[in-house]
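Peer 1: Here it is: the structure, laid out below.
The values are calculated or read from the model by the stated rules, or taken from the named source; none is laboratory data. Remember, predicted model here, so these are calculated numbers, not experimental data. With ideal geometry, Cβ positions are generated from the backbone for all residues, glycine too; neighbour counts draw on all protein chains shown. Just the protein is used for accessible areas: all its heavy atoms, side chains included, with ligands, DNA and RNA removed. Shrake-Rupley method; radii C 1.70, N 1.55, O 1.52, S 1.80 Å.
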Amino acid sequence: QVQLVESGGGLVQPGGSLRLSCAASGFTFRIYAMNWYRQAPGKERELVATISSAGGTTNYADSVKGRFTISRDNAKNTVYLQMNSLKPEDTGVYYCNAKRITIGNLRYDYWGQGTQVTVSS
């Protein structure tokens with residue numbers, strides 16, 4: 001049974017920091033690219049950060065570059081999102097996503113249940 005379980009969300013003041021974690025199980029974590037998405041109220045879900053299967057390549061949305069850092073520990077089957085200098089517009093539900101496309105174009109796409117991040121004074 002595939003599971004992605006996010007944790008670490010909460011209420012933080014502007015300028016503060018949070019570290020999200022996503023614990024994976026039920027699939028071969030080390031061969032999947034991992035992503036963090038977020039969805040603000042009334043808005044579409046957006047991609048925030050991605051990391052390659054081995055962790056050597058990362059990409060970020062322009063809105064979080066320089067403030068957020070994605071990382072992974074393949075020995076612990078866990079992906080992280082360190083969020084610094086948080087702004088009210090970072091508020092939303094943050095989702096962990098595992099994605100893989102095989103050579104034969106089979107697509108695997110798994111989602112966590114989400115964790116709420118609220119940035120407010």
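Peer 1: Between Asn84 and Thr118, what's the calculated FRET efficiency when r is the beta-carbon distance and R0 is 22 Å? Round to 0.05.
Peer 2: The formula returns an efficiency of 0.85 here.
Peer 1: Looking only at Leu86, Leu11, Leu20, which one moves most when the chain is put into a Gaussian network model with springs between Cα atoms under 10 Å?
Peer 2: Ranking Leu86, Leu11, Leu20 by mean-square fluctuation puts Leu11 first.
Peer 1: Under 8 Å for C-alpha pairs, at least 6 residues apart: give me the relative contact order for the chain, rounded to a whole percent.
Peer 2: With pairs under 8 Å counted, the relative contact order is 35 percent.
Peer 1: Still on this structure: Would you list Glu46, Glu6 from the most to the least accessible area, probe 1.4 Å?
Peer 2: Glu46, Glu6
Peer 1: Would you please name the trypsin sites (Lys or Arg not before Pro) within region 13-121 that are DSSP coil residues with at most 10 other C-beta atoms within 10 Å of their C-beta?
Peer 2: Numbers: sites: Arg19, Arg30, Arg38, Lys43, Arg45, Lys65, Arg67, Arg72, Lys76, Lys99, Arg100, Arg107; in loops: Lys43, Arg45, Lys65, Arg67, Lys76.
Those that pass, being in a loop and sparsely packed, are Lys43, Lys65.
Peer 1: Related question: Which value in nm describes the separation of the simple spin-label points at Thr58 and Gln1, placed 7 Å from the Cα toward the beta carbon?
Peer 2: 3.2 nm
Peer 1: Full-extension gain between Lys65 and Asp109, please, as 0.36 nm times their residue separation minus the C-alpha to C-alpha distance.
Peer 2: The span from Lys65 to Asp109 would gain 13.4 nm if fully extended.
Peer 1: Additional query: Using a Gaussian network model of the chain whose springs link C-alpha atoms within less than 10 Å, name the residue from Gly56, Gly104, Gly15 with the highest mean-square fluctuation.
Peer 2: Checking each option, the largest mean-square fluctuation is seen for Gly104.
Peer 1: Still on this model: Taking the alpha-carbon distance from Lys87 and a cut-off under 29 Å, which lysines remain once sequence neighbours fewer than 8 residues away in the same chain are dropped?
Peer 2: Lys43, Lys65, Lys99
Peer 1: Moving on. Taking a cut-off of 21 Å, what percent of all Cα-Cα pairs in the chain are separated by more than that?
Peer 2: Details: 2441 of 7260 pairs.
Pairs farther apart than 21 Å: 34 percent.
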